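Below: one structure, written as structure tokens.
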Amino acid sequence: MKAKVIAVIGSKKSGKTTTIENLIRELIKRGYKVGAIKHIPEPNFTIDTKGKDTWRFACSGANTIVSVSSTEIATIEKLNPEDFTLEKVLEKCEGNDIVIIEGLRSLVNQREDIPKIAVVKSKTEVWETLESLKPIIAFTGLYSTEKTCLKIPYVDVLKKSEKIVDIIEEYFGKKHS
């Protein structure tokens, strides 16, 4: 079965990572296998460390470098930015029930097949988000939308992370064991 995908979208320092941490904990508590994708927007960022063997292998021209320790396997794949697709990234999360994406906004914004949780800091961000994201299934973050007339629920994930997972399960349907 293909994993369900949900995107958590918000501006810098809005609470996206905190939201995802709470989502992951609650989803795992309910028996889901969860994958997480984090977009790192800094240009020329590398997960590799300059001078280390894996970095040297990449500098020598290897397209795929696999690093294995006693508790982790990390795969570094060099790619041409023009070949970069969301589907290629999602393939890396095969075997999970739900995959949570933080970032990759340009790839997920208008994808109606990917529900969004919008993490907002201000009233302005709420209205900008409503114009640019489809579909939004919940709001969370520093700014509460509870007093607005929106039909989209607001959830304080620090106090009620189970409620946001209820919304996800309502959207996708509950996991069947």
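Filter segment 28-74 down to the residues that are closer than 30 Å to GLY10 by Cα and part of a strand (DSSP E or B) and list them by number. Listed by number, the residues that qualify are VAL34, GLY35, ALA36, ILE37, LYS38, ILE73, ALA74. Inside segment 1-15, residues that are closer than 22 Å to GLU125 by Cβ, surrounded by fewer than 21 Cβ atoms within 10 Å (Cβ to Cβ) and not small (Gly, Ala, Ser) make up a count of 2. Of the residues making up segment 27-36, those that are surrounded by fewer than 18 Cβ atoms within 10 Å (Cβ to Cβ) and either hydrophobic (A, V, I, L, M, F, W, C) or at pLDDT below 90 (or both) are ILE28, ALA36. Residues that are under 13 Å from the mean Cα position of the chain (by Cα), in a strand (DSSP E or B) and modelled with pLDDT of 90 or more: does segment 18-26 have at least one? No, segment 18-26 contains no residue that is under 13 Å from the mean Cα position of the chain (by Cα), in a strand (DSSP E or B) and modelled with pLDDT of 90 or more. Could you check, for segment 41-53, whether at least one of its residues is in contact (Cβ under 8 Å) with a residue 60 or more places away in the chain, surrounded by fewer than 17 Cβ atoms within 10 Å (Cβ to Cβ) and under 30 Å from VAL165 (Cα atoms)? Yes, segment 41-53 contains at least one residue that is in contact (Cβ under 8 Å) with a residue 60 or more places away in the chain, surrounded by fewer than 17 Cβ atoms within 10 Å (Cβ to Cβ) and under 30 Å from VAL165 (Cα atoms). So is LEU142 hydrophobic (A, V, I, L, M, F, W, C) and surrounded by fewer than 17 Cβ atoms within 10 Å (Cβ to Cβ) or not? When the stated conditions are applied, LEU142 passes them. Restricting segment 86-109 to residues that are exposed (fewer than 11 other Cβ atoms within 10 Å of the Cβ) and free of Cβ contacts under 8 Å to residues at least 40 places away in the same chain leaves a set whose member that is farthest from SER132 (Cα to Cα) is GLU91. Each residue in segment 133-158 was checked for being polar (S, T, N, Q) and either modelled with pLDDT of 90 or more or closer than 16 Å to ILE6 by Cα (or both), and 1 pass.
The values are calculated or read from the model by the stated rules, or taken from the named source; none is laboratory data. Source: prediction; values computed, not measured. So basically every Cβ, Gly included, is an ideal-geometry build from the backbone, and we count neighbours across all protein chains shown.
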